[in-house]
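No lab work stands behind these numbers, since they all come straight from the coordinates. This is a predicted model, so every value here is computed, not measured. Quick reminder, even Gly has a Cβ in these numbers, built from the backbone with ideal geometry, and neighbours come from all protein chains shown.
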Amino acid sequence: MKNMLRLVLLLFACPAGAQEKLGLDTILSRVTANNPSLKTYDAQVRSLDEAAKGARSWDAPLLSTGLWMTPYNPNGWKKQSDGSTGMGQYMVSAQQMFPNKKRQDAEEKYMLGMSAVEKEKKKATLNELVAAAKQNYYEWVVIKKKLAILDQGSRLLDFMLKNAELRYKNNIGKVGAYYKVKASLGNIENMRLLLENELLQKRIMLNTLMNRDKTTAFDIDTVYVIKDYTALAADSASLVSARSDIRAVENDIRLAALQQEAEKTKLKPEFGIRYDHMFGFGGIPLQYSLMGMVRLPMTKWSSRAAKASVESLKWKAEGLERQRETMINEATGRLYGMQQEIVSKQKQVKLFEDNIIPALRKNFQTMQLGYEQNTEELFTLYDAWETLNMTQLEYINQWQQWLLMQVELERILEIK
């Protein structure tokens, strides 16, 4: 059953034909170019920029036409027999309100500022996508290293089994740990199935981030770089300049101030003009009227909505300012905490590399030599291998945590 499951995983993970091998830089560039969530922001930015082009539009002119002060009796329209003029006129009228320039300026600044928020949000989303791609890439590298350790363990266990069988047949060895070794081979195959499934999941996730067919087969190169961020000092100013999500909130604050200014300009008067031209009936001469108009939004009964909006926006800006401070505080604390974790993890990994694993490997080699010379039992050799194997896997886990800490720190500082 396990062999069948493994075959299915391999069929999905390794279709026929040479596989494309992608490095981390290539994957990140494809995520940046193809991920659909980023294109959504591009469309939103374009939409807001196009809307901003209408910020300086005028109110539409008002045209009207019709009879003016005309009697119901058509006989009164005509010139009278005594020479007096008739009554009634036909009027054509045009009216235009002129927008307040300060209001237009304020609304244009507000509408132009709206797209700046979306641009920063796009960068923040890209930062999250890059972090997700890095995490899946490094976890894939770790899986390949674990599979290599399992391959090495399978070869050693297979050697132990064959050697133990040969010795038992020749009456120079005991069964001892034979079945324990055999069970460990099964456990290794089980671990291999789990890791191969995890590898397949990482491939699907990276294909998803790159917005391509989820079953597309590819491999990765195992090149990685451990960067030293322990000496990096990041204050609030540097975090603000680095983090797109914080800059997006700052732009929201500026946008609230611009919107507030636009609302205030709604309280300013606006002027207009009205021209009427009359065609008289029954000898009435052509006449006209020219009227100036003013709209007075600052009156008590007409200014309530604008004043309420101004006050609302003031508190909205206050809330955004507190949100900004919270984000900076959390990011700074997370950054310094992550730096300390990296320092500790770096020491742990170095201890594995310089002390623990070399000592356990030397112990296993000694047990192996003693087993070959019939001075050690299979049980002691197996115990030495098991300790070395589990420690190597734990070392890889520690190394994986170090890499993921680096990914998290780069996400916090928005380092691509």
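Things to note:
- Taking amide H as placed 1.01 Å from N in the peptide plane, residue 68 has its amide H under 5 Å from the amide H of 89, 90, 91, each at least 5 places away in sequence or on another chain.
- Highest-first arrangement of 409-416, 264-271, where packing means the average Cβ count within 10 Å: 409-416, 264-271
- Gain in span if fully extended, residue 356 to residue 78, counting 0.36 nm per residue against the direct Cα distance: 88.2 nm
- Inter-label distance, nm, simple model (7 Å from Cα along the C-beta direction), residue 96/residue 379: 10.5
- Converting phi to 3J(HN,Hα) with the Karplus coefficients 6.51, -1.76 and 1.60 and the offset θ = phi - 60°, region 203-212 yields 5, 4, 5, 5, 4, 5, 5, 7, 6, 9 Hz in sequence order, with x at every glycine or proline.
- Förster-model FRET efficiency, 60 Å R0, residue 295 and residue 26, C-beta, rounded to 0.05: 0.50
- Each Lys and Arg contributes +1 and each Asp and Glu -1, all at the Cβ; summed about the Cα centre of region 188-285, the dipole is approximately 340 debye.
- Rounded to 10°, Cα long-axis angle of helix 36-52 versus longest principal axis of the chain: 20
- For the chain, averaging the sequence separation of C-alpha pairs within contact (under 8 Å, six or more residues apart) and dividing by the residue count gives a relative contact order of 24 percent.
- Within the same chain, aspartates and glutamates fewer than 8 places from residue 169 are excluded, and of the rest, those with a Cα less than 17 Å from its Cα are 158, 372, 377.
- Fully extended contour minus Cα-Cα distance, from residue 159 to residue 312, at 0.36 nm per residue: 47.4 nm
- Relative contact order for region 117-264, counting Cα pairs under 8 Å that sit 6 or more residues apart, in percent: 38
- Calculated FRET efficiency, residue 60 to residue 34, Cβ-Cβ distance, R0 = 45 Å: about 0.55 to the nearest 0.05.
- Table column - 3J(HN,Hα) (Hz), region 71-82, Karplus curve with 6.51, -1.76, 1.60, x for Gly and Pro: x, 5, 7, x, 5, x, 6, 7, 6, 6, 5, 7
- Under the convention that each Lys and Arg Cβ holds +1 and each Asp and Glu Cβ holds -1, the size of the dipole of the chain around its Cα centre is about 860 debye.
- Placed amide H near residue 270: partners under 5 Å, 5+ positions off or other chain: 295
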